[in-house]
Amino acid sequence: MRVAAARIAAALVAATAPLSPALAQEEPTTETATPPASPDTTIEADGVDEPYPNLLDTTLSVEGDIEETDTPRTTWVRQDTIMGPWFAAKEDFREQTGITIGGSWGILWQNYSSSLVGERNAVGSKFTFNMSYDLANRGQPNALTIDMAIEDRRPLGTDLAPLQAGILAGSAIPTAATWGDFSMGITQFYIRQNLANNRFQYAIGKIFAPNFVNPYPFFDDNRQFLSLAFSTSPTIAVPLRGFGFVGAAYPSRNFYVKSGMFTANSSDTGITIDDFFSRDEHFYFIEAGYSGVAGRGLPIHARGPMDQNNFHITAWYRDPLENGSPRAYGFAFNANFMAGQNVMWFLRGGWSDGWLADLALSGGLGWRPPSATSDLFGVGVGWANPANERLRDQYTGEIFYRFHLTQNLAFTPNFQLVMNPTLDPTRDSLFIVSFRTRLSF
């Protein structure tokens, strides 16, 4: 069945180019440091007390995944975790070696109201193990840190993982953007550093480019929305895991500029540094925007994901590829702002030439219950106009509630409605019911 599905997928890709769901291959798998706290919690930046972000819940960087896991939270049921001895052992290990570790294991089940290949159900497994170590200036704001992520993605008891199954159900936009299929290996390995009192930051190595290109607080499908309509934009030809570098500068307290260059050739667990230096196939971007936390000592991968009040514009360009893909370029924007203490709204959109979608727009909100800071409710709607004029526009709606039984164990029911599924012109709608379980450690 997997072989047959692959053949059908290849036929769909050929028939619908340039709407081939290339972005479906990967995901924002590691996570950003965003330990939300109560509304009255403050931190000091440049001598001024500011509210600590109390809603952001992202998982974009190695360090962030670890910190998110270790941050105390409240839940309605307030069940104690049985993993206390493990967390104590982690802390002892960090004190003795300087190495911080952590990870997670998630399982996602999706059911599709129809499928082009008869696969109405898909179950995926996602395992991540993170390590972080200060190579120099340990514990200082200008520490030179090396981060590594080891990951594994695969179907669990079904022929297809949710990523592939959602596409073969007819949706041009993946219904579970990160829940794909590859064997365990090193997916990220990079160094990062903050300099000049946080005025300049950089990261270089094998990194997940969507961590840095047009990010915002709700694009992690480990904990938040599942559909790609609300994660990376379908109008950006952003590469996935590969060698590259990115830098950010903060000329004023609330203004930042960020730019980077990556190889356009991704590999889940392989080495791509040779591609970067030997092949003229790169992805470039520059981003400028207003930041509510620009004056804080945040790592570069947290610029968008931790920003509770943000507006930015991103311009990008990708070289033509040897496989025949033409050059592509475009623009995107993001706006996300707090509405009170526990609600954040967002509006995002983009335009491109030479990529999957000519136009896309999405918006929604997230709400965190004040008495259960681990929980999160989200709702979003999105629209995408395919680059291929023969294909019809697709509309996506999604709603979810993430419920924490304990601080480290979460259950998330999720419902998606796809109107005019682009890859299945025989259907007017596609319903996707999902249930996600995630244990962090």
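The values are calculated or read from the model by the stated rules, or taken from the named source; none is laboratory data. These numbers come from a predicted model, not from an experiment. So basically every Cβ, Gly included, is an ideal-geometry build from the backbone, and we count neighbours across all protein chains shown.
Okay, here's what the table says:
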{"read-out": "Only listed residue being more than 18 Å from the chain's Cα centre (by Cα) and crowded, with 23+ Cβ neighbours inside 10 Å, chosen from Tyr284, Tyr256, Tyr290", "value": "Tyr256"}
{"read-out": "Candidate set from segment 104-150 (those that are farther than 26 Å from Gly166 by Cβ and among the small types (Gly, Ala, Ser)); member that is surrounded by the fewest Cβ atoms within 10 Å (Cβ to Cβ)", "value": "Gly139"}
{"read-out": "Failed item, numbered, when Ala360 is tested on (1) touching a Leu at 6+ places or on another chain (Cβ under 8 Å); (2) within 14 Å of Ala172 (Cα to Cα); (3) small (Gly, Ala, Ser)", "value": "(1)"}
{"read-out": "Subset of segment 304-324 [out of contact with any strand residue (DSSP E or B) (no Cβ under 6 Å at 6 or more places or on another chain) and in contact (Cβ under 8 Å) with a residue 60 or more places away in the chain]", "value": "Gly304, Pro305, Met306"}
{"read-out": "Unique residue being basic (Lys, Arg) and assigned to a strand (DSSP E or B) when the list is Arg438, Arg392", "value": "Arg438"}
{"read-out": "Identity of the residue in segment 154-180, free of Cβ contacts under 8 Å to residues at least 40 places away in the same chain and under 19 Å from the mean Cα position of the chain (by Cα), that ends up surrounded by the most Cβ atoms within 10 Å (Cβ to Cβ)", "value": "Ala161"}
{"read-out": "Among residues of segment 395-433, those that are surrounded by fewer than 19 Cβ atoms within 10 Å (Cβ to Cβ), in a loop (DSSP other than H, G, I, E, B) and of a type in the set (Ser, Thr, Tyr), counted", "value": "1"}
{"read-out": "Within segment 116-140, considering residues that are of a type outside the set (A, V, I, L, M, F, W, C), in contact with an Asp or Glu (Cβ under 9 Å, 6 or more places away or on another chain) and in a loop (DSSP other than H, G, I, E, B), the one farthest from Leu168 (Cα to Cα)", "value": "Gln140"}
{"read-out": "Qualifying residue in segment 260-273 (condition: closer than 22 Å to Val293 by Cα and either modelled with pLDDT of 95 or more or surrounded by fewer than 17 Cβ atoms within 10 Å (Cβ to Cβ) (or both))", "value": "yes"}
{"read-out": "Unique residue being over 25 Å from Ile146 (Cβ atoms), in contact with a Ser or Thr (Cβ under 8 Å, 6 or more places away or on another chain), assigned to a helix (DSSP H, G or I) and not aromatic (Phe, Trp, Tyr) when the list is Ala229, Ala237", "value": "Ala229"}
{"read-out": "For Val117: the one exception among (1) in contact with a Leu (Cβ under 6 Å, 6 or more places away or on another chain); (2) modelled with pLDDT under 90; (3) aliphatic (A, V, I, L, M)", "value": "(2)"}
{"read-out": "Residues (part of a loop (DSSP other than H, G, I, E, B) and in contact with a strand residue (DSSP E or B) (Cβ under 8 Å, 6 or more places away or on another chain)) located in segment 370-389", "value": "Ala372, Ser374, Asp375, Ala387"}
{"read-out": "Leading residue by the ranking (surrounded by the most Cβ atoms within 10 Å (Cβ to Cβ)) among those in segment 209-218 that are in contact with a strand residue (DSSP E or B) (Cβ under 9 Å, 6 or more places away or on another chain) and at negative phi", "value": "Asn211"}
{"read-out": "Met148 vs. criteria in a strand (DSSP E or B), under 30 Å from Arg199 (Cα atoms) and either of a type in the set (Asp, Glu) or within 17 Å of the chain's Cα centre (by Cα) (or both)", "value": "yes"}
{"read-out": "Some residue of segment 328-338 being farther than 23 Å from Ser362 by Cα, at pLDDT 95 or above and outside any loop (DSSP other than H, G, I, E, B)", "value": "no"}
